[in-house]
1. Considering every residue within the range 135-155, establish whether at least one is closer than 30 Å to G192 by Cβ and in contact (Cβ under 8 Å) with a residue 12 or more places away in the chain.
2. Would you tally the residues in the range 1-53 being over 24 Å from R174 (Cβ atoms) and among the small types (G, A, S)?
3. Taking the range 178-188 as the search range and keeping residues that are out of contact with any Gly (no Cβ under 9 Å at 6 or more places or on another chain) and closer than 17 Å to V105 by Cβ, which one is surrounded by the fewest Cβ atoms within 10 Å (Cβ to Cβ)?
4. Considering only the range 36-52, I want to know if a residue exists there that is at pLDDT 95 or above, loosely packed, with under 14 Cβ neighbours inside 10 Å, charged (D, E, K, R) and over 19 Å from the mean Cα position of the chain (by Cα).
5. If A104 satisfies every condition in (1) crowded, with 19+ Cβ neighbours inside 10 Å; (2) over 22 Å from the mean Cα position of the chain (by Cα) but one, which is the exception?
6. Would the range 26-33 turn up any residue that is among the aliphatic types (A, V, I, L, M), in contact with a strand residue (DSSP E or B) (Cβ under 9 Å, 6 or more places away or on another chain) and either over 23 Å from M202 (Cβ atoms) or surrounded by fewer than 16 Cβ atoms within 10 Å (Cβ to Cβ) (or both)?
7. Considering L144, L159, L130, which residue is hydrophobic (A, V, I, L, M, F, W, C) and modelled with pLDDT under 95?
8. Count, please, the residues in the range 122-165 that happen to be under 19 Å from H99 (Cβ atoms) and either out of contact with any Lys or Arg (no Cβ under 9 Å at 6 or more places or on another chain) or among the aliphatic types (A, V, I, L, M) (or both).
Amino acid sequence: MIAAPLAWLLTIVVFVATLVIQFWLQATYARYSRVANSRGLTGAQVARAILDANGLQNVAVEPVPGALTDHYDPTKKKVCLSEVNYGSPSAAALAVAAHECGHAVQDAKDYAWLRVRHSILPAANIGSTLGPIIFIAGFLMGKLGLAAIGIWMFAAVALFQLITLPVEFDASNRALGILKRMNFLDGREWNGARSVLTAAAMTYVAGLANSLATILYYASLLSGSRRNG
């Protein structure tokens, strides 16, 4: 098992890398938010067209407050676009709208990884909240078995993030294919959309790396305590 100081250093490195990736996403999104698509279509219009073309007239397209708050709600069957992307004709807005529609298509086609991710979401939510608390409490009280339970609970978060990767990558691939097939973007605009979705995908990779580094750090503390006990 890696020593705790090295595990802590790795955690810091991964955290800094995550900040860099977040900055890259924001910079890329901002850049292509200033590039309007040649057809003058908004994110909402493109989302509606994509959904209709895939037989998903029952899926609504609605604006939501905030920045980059875009998501697909499988329980209410609606694509939610942040207010900026909803009304914007930018390449970035179209990329995000198409990506969220990609999730709607996954849902309609009963995409396996989406089902698996949904099934472990409750465990991941519990693990993200209680896992660190149980680990710290067990570690401080010298109840190493309890601390180990906390690590396993938090591991559900990493598992959820791992399964999220194919879901997000597939949605982005669907989005780029749809944008090209339906001629919503020209070559330069499409490359901009791809850059936005690539940067967004890397944030999920960074999230998984953060969780794994945290688990490794917790495990190194637990291992060291057992050796010294």
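The values are calculated or read from the model by the stated rules, or taken from the named source; none is laboratory data. Nothing here was measured: the structure is a model prediction, and the numbers come from that model. FYI the Cβ positions are ideal-geometry reconstructions off the backbone, even for glycines, and counts take in every protein chain you see.
1. No, there is no match, as no residue in the range 135-155 is closer than 30 Å to G192 by Cβ and in contact (Cβ under 8 Å) with a residue 12 or more places away in the chain.
2. Looking only at that region, the number is 6.
3. Looking at the filtered set, the residue picked out is R181.
4. yes
5. It is condition (2) that A104 fails.
6. no
7. L144
8. Total satisfying the criteria: 3.
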